[in-house]
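Below is one structure; the comments refer to it alone.
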Amino acid sequence: MTIPAERLDQIAHRFAELEARLASGTLEGEAFVAASRDYAELEPVARAAQEVRAMRAELADLETLDDSDPEMKALAEEEIARLRERLPEAERQLAIAMLPRDAADARPAMLEIRAGTGGDEAALFAADLFRMYERFAAENGWRVETISMNASDIGGFKEVVAHVSGTGVFARLKFESGVHRVQRVPVTESGGRIHTSAATVAVLPEPSEVDVEIDDKDLKIDIYRASGAGGQHVNTTDSAVRLTHLPTGLVVIQQDERSQHKNRAKAMQVLRTRLYDLKRAEAQGAEAEARKAMVGSGDRSERIRTYNFPQGRVTDHRIGLTLHKLDEVLAGPGLGELVDALIAEDEAKRLSAMDG
């Protein structure tokens, strides 16, 4: 994909403008924040464009070089061949850098994991997935804060919700939404038979309060006594909070904290995130054709991956990639290989759609 020279000039001019504005010392408050954000987004594009411009200029100079010295001419031809080999990949990387970005890519995310079919084994698998994402987050320098969890009797999770913050969280986790399937012999199975269980994962970008405004009149708030595993405060204080968003019917329950105030704040955080997800789904529904180029739709009913313990392999069904390194994936580092492959495939499909 060849980017016109005029477009490269525009990128260089815009980047120089932003550099000058930031260096001027005249920007304050929101204006400085906005310019800094624009600069950070444009910088990788500008660097890639600068490399392509330099390679094109050098190639043009060498191709017009008239040197009667055979040795110099041979060196020039060798350099021309090298540049012609490298330039297409540099232009491809520039095209990838110029692809429209999801506005939510830089945001923190809400990670929700729920046990699906498979009873206790599904709950144990949900816990395995949560630990996998915790380790992957640690690898990336992210912070994971558990918002709520509903533990099963044998140590799994019927449901766990966590907030993940750091650099590029949603961009690297967004393709994890869907049904994750496990094939293994459950600890509860005495006959050694392999069972298939599943858990659903949802990764939702966290909005700001400006993105989603919630009117108090649209909320029904119930306060009640917490129940279930949760410590000495259970059944002794009215600290559990249930929020019902009347226009959409969304319900969020939070009871993990001793404080009613903290439970309400966490419930509002989850509710705002789910409302933002609905808002994004509506917008993306209007762009259904554009979404066909993506690796996955993010639909939580879509089976995306199988973890096969007897064979020690993980298969991502969307891109047909199988890794025979199940332990590494569950430990965190191996998941990065899957995530990188999914991002690369998504970029390739979107580039192809643009060329078409």
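The values are calculated or read from the model by the stated rules, or taken from the named source; none is laboratory data. As the structure is a computational prediction, the values presented were derived from the model and not from experiment. Using ideal geometry, Cβ is built from the backbone for each residue, glycine included, and neighbour counts are taken over all protein chains shown. We work out accessible area using only protein heavy atoms, side chains counted, and drop any ligands, DNA or RNA first. Shrake-Rupley method; radii C 1.70, N 1.55, O 1.52, S 1.80 Å.
Provide the per residue accessible area, probe 1.4 Å, for the chain, rounded to a whole number of square angstrom.
Values: 18970 Å² over 356 residues.
That works out to 53 Å² for each residue.
Can you list residues whose amide H is under 5 Å from F157's amide H, if they're 5+ apart or on another chain and H is modeled 1.01 Å from N?
Placed amide hydrogens put L124, A126, A127, S152 under 5 Å from F157.
Which of these values of Cα Rg over 2.2 N^0.38 Å was calculated from the structure shown: (i) 0.96; (ii) 1.11; (iii) 1.25?
Only one option fits the structure, namely (iii).
Between region 1-62 and region 167-197, what's the alpha-carbon centroid distance in Å?
43 Å
Can you compute the helix-only [θ] at 222 nm over the chain? Use -39500 (n - 2.57) per DSSP H run of at least 4 residues, normalise by all residues, nearest 500 deg cm²/dmol. Walk me through the intermediate numbers first.
On the way: 9 runs with 169 residues, N = 356.
That comes out to -16000 deg cm²/dmol.
Could you compute the net charge surrounding H317? Neighbours are other residues with a C-beta less than 11 Å from the C-beta of H317; K and R count +1, D and E count -1. Each step should come with its number before you reach the end.
Working: positive: R181, R303, R305, R318; negative: E302, D316.
Around H317, the surrounding residues sum to +2.
Over all alpha-carbon pairs of region 118-166, lay out the pair-distance distribution in 10 Å bins, whole %, shortest bin first.
Result, from short to long distances: 28, 49, 21, 2 percent.
Please report, in debye to the nearest 20, how large the charge dipole of region 132-212 is about its Cα centre when each Lys and Arg carries +1 at its beta carbon and each Asp and Glu carries -1 there.
Value, rounded to 20: 420 debye.
Over the Cα atoms of region 26-102, what radius of gyration and what Dmax do you get, in Å?
18.7, 61
Ratio of region 1-152's C-alpha Rg to 2.2 N^0.38 Å, to two decimals?
Values: Rg = 24.8 Å, N = 152, 2.2 N^0.38 = 14.8 Å.
Against the empirical 2.2 N^0.38 Å value, I get 1.67 for region 1-152.
Show me 269-279, 149-159 ranked by packing, highest mean number of other Cβ atoms within 10 Å first.
Values: 269-279: 19.8, 149-159: 16.8.
So the order, starting with the most tightly packed, is 269-279, 149-159.
Using Cα pairs closer than 8 Å and at least 6 residues apart in sequence, work out the relative contact order for the chain, in percent. If you can, show how the numbers build up before the last one.
Numbers: 558 pairs, mean separation 53.4, N = 356.
The normalised contact order for the chain reaches 15 percent.
Leaving out same-chain residues fewer than 8 places away, which lysines sit with a Cα under 25 Å from that of K262?
Of all the lysines, those that pass the test against K262 - Cα under 25 Å, at least 8 places apart if same chain - are K158, K217, K220.
What residue among Y307, I154, A54 has its Cα farthest toward the positive end of the dipole of the chain, where the charges are +1 on Lys, Arg and -1 on Asp, Glu, each on the Cβ?
Comparing the listed Cα positions along the dipole, I154 ranks first.
Got a sec to turn the phi values of region 13-22 into Karplus ³J(HN,Hα) couplings, 6.51 cos²θ - 1.76 cosθ + 1.60 with θ = phi - 60°, whole Hz, x for Gly and Pro?
5, 5, 5, 5, 4, 5, 4, 5, 5, 5
Using the Cα centre as the reference, give the magnitude of the dipole from point charges on the C-beta atoms of the chain (Lys, Arg: +1; Asp, Glu: -1; all else neutral), rounded to the nearest 20 debye.
On the way: 46 positive and 62 negative charges, 410 e Å.
It comes to approximately 1960 debye.
What order, most packed first, do the peptides 88-101, 161-174, 2-15 have when packing is the mean number of other Cβ atoms within 10 Å of each residue?
Values: 88-101: 15.6, 161-174: 19.5, 2-15: 13.8.
Top to bottom by mean Cβ count within 10 Å: 161-174, 88-101, 2-15.
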